[in-house]
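A.B. asks: Got a structure for you, written out below as structure tokens; questions coming shortly.
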């Protein structure tokens, strides 16, 4: 396992991170702990969660993901693990979280951190992330900014000052962003530098063969500000395994949860997936191995977040560590990208 620096922090994270958003809805606590044990044996030291998990989010399962991790983590050497979680932002319902009060302000940040620490059964969180911006911005497959949707927001300086208090108290170590724009990444860093407040060390955004918009101005912003990408959805909700090409597996996420993963149900997605699957098979790779190996190969990625609903899926995902894509495979991937550019941004 390779371990990469996370931004300008002193954290070194495994190049694959265990994503846990299925824990508590698609995975039982026993299955969750089996995945965590297997990840340990494979050298993973990085676990990503969120207070709103599992997803799809609902009141009945709220917080179960962190609770499942906490039951496992309390039996582990705490300094062996880098634990990341996130605060839920405003604007997407979920009234059961803090009775709907989700502005990224001092009161909500303090409560969210305290609640996550309790569920995780730990004294500190290594990386605490803003799950999505407090302000309005297009999210999760929306591609056009609409000024008419702009809303009142907590100033970035106020957000950073609240995080600074909690970092100084030792309850979180570093700050990260998620589902953030190039403007947001740069602005958070500029305000932090101007006011002497904590800088974001990472941003967690989607990046995969169907969605390479990060290659554009996001990559430049992260390079200039020394912010690492934590790439989520490297398999595009499982689409890049090819399992949806000819049927909809009964237990699969997009089959079970209607309306979930809309960004991967757009025109040209199936055509692009079929082309990528053909490349993988011709080069004696599984589609999952190739898709994850591609994301791992990107210079701006510090860690690629992989999740699974079965231990067999997790084994296949982690087997991508054995794969280095040849120049021939990469050239064929670029040819498909030119034919079907970013069908699922």
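The values are calculated or read from the model by the stated rules, or taken from the named source; none is laboratory data. Given the structure is predicted, the values throughout are model-derived calculations rather than measurements. Backbone-built Cβ (ideal geometry, glycine too); neighbour counts: all protein chains shown.
A.B. asks: Give the number of residues within region 45-88 that are out of contact with any helix residue (DSSP H, G or I) (no Cβ under 7 Å at 6 or more places or on another chain), buried (at least 24 other Cβ atoms within 10 Å of the Cβ) and free of Cβ contacts under 8 Å to residues at least 60 places away in the same chain.
C.D. replies: Qualifying residue count, region 45-88: 1.
A.B. asks: Give the residue that is farthest from residue 34 (Cα to Cα), with candidates limited to residues of region 281-295 that are buried (at least 21 other Cβ atoms within 10 Å of the Cβ) and in contact with a helix residue (DSSP H, G or I) (Cβ under 7 Å, 6 or more places away or on another chain).
C.D. replies: If we take residues in region 281-295 being buried (at least 21 other Cβ atoms within 10 Å of the Cβ) and in contact with a helix residue (DSSP H, G or I) (Cβ under 7 Å, 6 or more places away or on another chain), then 294 is farthest from residue 34 (Cα to Cα).
A.B. asks: Let me ask something additional. Just to be sure I understand, how many residues within region 99-129 are part of a helix (DSSP H, G or I) and modelled with pLDDT under 95?
C.D. replies: Residues that pass the stated criteria total 2.
A.B. asks: For region 38-86, which positions are in contact with a strand residue (DSSP E or B) (Cβ under 8 Å, 6 or more places away or on another chain) and in a helix (DSSP H, G or I)?
C.D. replies: Scanning region 38-86 gives 39, 64, 65, 66, 68, 69, 73.
A.B. asks: If you don't mind, there's one more thing I want to ask. Check residue 134 against each of (1) touching a helix residue (DSSP H, G or I) at 6+ places or on another chain (Cβ under 9 Å); (2) at pLDDT 95 or above; (3) farther than 19 Å from residue 94 by Cα and name the one condition it does not meet.
C.D. replies: (3)
A.B. asks: So residue 162 passes all but one of these: (1) in contact (Cβ under 8 Å) with a residue 12 or more places away in the chain; (2) under 25 Å from residue 302 (Cα atoms); (3) assigned to a helix (DSSP H, G or I). Which condition number does it fail?
C.D. replies: Against the list (1) in contact (Cβ under 8 Å) with a residue 12 or more places away in the chain; (2) under 25 Å from residue 302 (Cα atoms); (3) assigned to a helix (DSSP H, G or I), residue 162 comes up short only on (2).
A.B. asks: Could you check, for region 139-156, whether at least one of its residues is outside any loop (DSSP other than H, G, I, E, B), over 20 Å from the mean Cα position of the chain (by Cα), under 17 Å from residue 102 (Cα atoms) and in contact (Cβ under 8 Å) with a residue 12 or more places away in the chain?
C.D. replies: Yes - at least one qualifying residue is present in region 139-156.
A.B. asks: Next question, about the same structure. For region 140-166, give me each residue that is surrounded by 14 or more Cβ atoms within 10 Å (Cβ to Cβ) and within 30 Å of residue 264 (Cα to Cα).
C.D. replies: Listed by number, the residues that qualify are 141, 153.
A.B. asks: Then there is this: Here's a check for you: in region 321-345, which residue that is without any contact (Cβ under 8 Å) to a residue 40 or more places away in the chain and in contact with a helix residue (DSSP H, G or I) (Cβ under 6 Å, 6 or more places away or on another chain) is surrounded by the most Cβ atoms within 10 Å (Cβ to Cβ)?
C.D. replies: Once the filter is applied, the top-ranked residue is 325.
A.B. asks: Tally the residues that are part of a helix (DSSP H, G or I), surrounded by fewer than 16 Cβ atoms within 10 Å (Cβ to Cβ) and either in contact (Cβ under 8 Å) with a residue 12 or more places away in the chain or under 19 Å from the mean Cα position of the chain (by Cα) (or both), restricting the search to region 296-318.
C.D. replies: Summing the residues that are part of a helix (DSSP H, G or I), surrounded by fewer than 16 Cβ atoms within 10 Å (Cβ to Cβ) and either in contact (Cβ under 8 Å) with a residue 12 or more places away in the chain or under 19 Å from the mean Cα position of the chain (by Cα) (or both) in region 296-318 gives 2.
A.B. asks: Could you check residue 98 against (1) surrounded by fewer than 20 Cβ atoms within 10 Å (Cβ to Cβ); (2) over 21 Å from residue 219 (Cα atoms); (3) touching a helix residue (DSSP H, G or I) at 6+ places or on another chain (Cβ under 9 Å); (4) in contact (Cβ under 8 Å) with a residue 24 or more places away in the chain and say which number it fails?
C.D. replies: (4) is the only condition that residue 98 fails.
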